[in-house]
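Asks: This structure is in C-alpha cells; I'll ask about it shortly.
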Amino acid sequence: MDLAGSGRSGGGSMNQSCDPILPENNVTDLLRNLNLTTDEGEVAAFSDEDEDEVRGQTKLALIGKVLSPATLHVTTIQQAMKPAWGNPVGLKIRAIGEKGNNLFIASLGCENDLKRVLGGSPWIVGRHGVILQEYDESLKPSEIAFDKMEIWVRILNLPVGWMNRQRGVHALGLIGSVIGIDVDKDGEASCPFLRGRVAIEVAKPIRRGVLLKTKKDGVPEWFEIQFEKLPFFCKSCGVMGHSKLECASPAARND
Ligand SMILES: [Zn+2]
C-alpha cells in the first residue's frame, strides 16, 4: 500500500540529482565521515535508576498531531482537548518538534484516562482532526509517522448475512486496518448498521462507500459508509488537513 508513496519520493530525488554532486551539497555526509574530536566523543547515558525514574514520569502520555495547515499555539490545543477529554486529572500538554507541524505531548494522570482518550479518537481542534499515538520515549519528532487515524465507521444497509464478525471484518478491511468490530459475544452485530473501528490512511481521500459482492456470481454492489466524528476534509480532493482553497490537487469543478 505504501508503494505509491515510496516510489514518488524515490523518483523525486532521482530527478534532482542530474548535476554532479558538489561537496557543499553534501555537508551532512562529510560531517558523518569526520573523526570525532575528544569533546564530541563524549557520551551521555542514563543509569538504570535514572531510566526507571524517567519512565515513571512519562509513561502515561500520548503523542499527538493536529492536522491543521495553520500553526496552532499549544494553548489552543489545550483549550480544545481539556473539555473534550472530560478535564482529566493531571492533564498537561506541551508542544514538540517544528512549530508548523502542530505536534504535542499530552501527559495524563491515570491509565483509564489515557485509554479513554486514545480509544475516543478522532478528537477535533477547531475543525481539524487530531491523530494520537502511544508515547514512545525513543522516537524523535521528525521520525513519528502520523499517517493513520483511528475512527469509527458504519456500513449502511448491509444484507443480514453480512452483519457478523466474519464477513464484517472483511468489508471493514476495505476502509482501513480493522481495530475492532461492534458485535456481541457470538460475533453478531445488532445495530441497524455494521459498526467497526478502523485505522484509515490520512493521505488518501475519505471513502464514501465500499463495493461488496454479496451474492455468488452477482455483480459487486455499492454500500454507503458513514464516519463518526469525521474531521474537516478538503471538499475538492477528499483528503483531511486542508481546505479546498489550499488544495494542491483541486478537482475540476462543475456548475
Ligand atoms: Zn484537497
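The values are calculated or read from the model by the stated rules, or taken from the named source; none is laboratory data. Source: prediction; values computed, not measured. Using ideal geometry, Cβ is built from the backbone for each residue, glycine included, and neighbour counts are taken over all protein chains shown. Accessible surface is based on the protein model in full, side chains and every heavy atom, while ligands, DNA and RNA are left aside. Shrake-Rupley method; radii C 1.70, N 1.55, O 1.52, S 1.80 Å.
Asks: So what are the ³J(HN,Hα) numbers for the stretch 158-175, from phi and the Karplus equation (6.51, -1.76, 1.60; θ = phi - 60°), rounded to whole Hz, Gly and Pro as x?
Replies: Those phi angles translate into 6, x, 4, x, 9, 8, 8, 4, 4, 7, x, 4, 4, 5, 5, x, 6, 8 Hz.
Asks: Magnitude of the Cβ-charge dipole of the stretch 60-134, K/R +1 and D/E -1, about the Cα centre, nearest 20 debye? Intermediate values should be presented prior to the final figure.
Replies: On the way: 8 positive and 4 negative charges, 32 e Å.
With only Lys, Arg, Asp and Glu charged at Cβ, the dipole is about 160 debye.
Asks: What does the net charge come to around Glu221 if you take all other residues with beta carbon closer than 9 Å to its beta carbon, with K and R at +1 and D and E at -1? Write down the numbers at each step before the final one.
Replies: Working: positive: Lys213, Lys215; negative: none.
In short, +2.
Asks: Lys and Arg at +1, Asp and Glu at -1: add these up for the other residues within a Cβ distance under 15 Å of Lys92 and post the number. Could you put the intermediate results ahead of the total?
Replies: On the way: positive: Lys59, Lys82, Arg94; negative: Asp113.
Net of charged neighbours comes to +2.
Asks: Ignoring everything but the protein chains, give the 1.4 Å probe accessible area of Ser236 in square angstrom, nearest 10.
Replies: Result for Ser236: roughly 30 Å² accessible.
Asks: Sticking with this one: Could you please report the charge total around Pro205, scoring K, R as +1 and D, E as -1 over all other residues with beta-carbon less than 14 angstrom from its beta-carbon?
Replies: On the way: positive: Lys204, Arg207, Arg208, Lys235, Lys244; negative: Glu201.
Cβ neighbours under 14 Å give a net charge of +4.
Asks: Moving to a separate point now. Whole-Hz Karplus ³J(HN,Hα) for the stretch 143-157, in order, using 6.51 cos²θ - 1.76 cosθ + 1.60 and θ = phi - 60°, x for Gly and Pro?
Replies: 9, 6, 8, 9, 9, 10, 10, 7, 8, 7, 9, 10, 9, 8, 6
Asks: Once you sort the root eigenvalues of the Cα gyration tensor of the stretch 132-248 as a ≥ b ≥ c, which label holds: rounded (a/c under 1.5), prolate (a/b larger than b/c) or oblate (the other case)? Mind showing how you got there, number by number?
Replies: Values: a/c = 2.49, a/b = 1.49, b/c = 1.67.
Here the stretch 132-248 falls in the oblate category.
Asks: Name the long-range amide H neighbours of Trp123: under 5 Å, sequence gap of 5 or more, or other chain; modelled H, no Pro or chain starts.
Replies: Counting only residues 5 or more places away or on other chains, the set is Val130.
Asks: Whole-Hz Karplus ³J(HN,Hα) for the stretch 105-110, in order, using 6.51 cos²θ - 1.76 cosθ + 1.60 and θ = phi - 60°, x for Gly and Pro?
Replies: 10, 10, 9, 10, x, 8
Asks: If contacts are Cα pairs under 8 angstrom and at least 6 residues apart, what is the relative contact order of the stretch 148-246 in percent? Intermediate values should be presented prior to the final figure.
Replies: Working: 186 pairs, mean separation 31.5, N = 99.
Averaging sequence separation for qualifying contacts and normalising by length gives 32 percent for the stretch 148-246.
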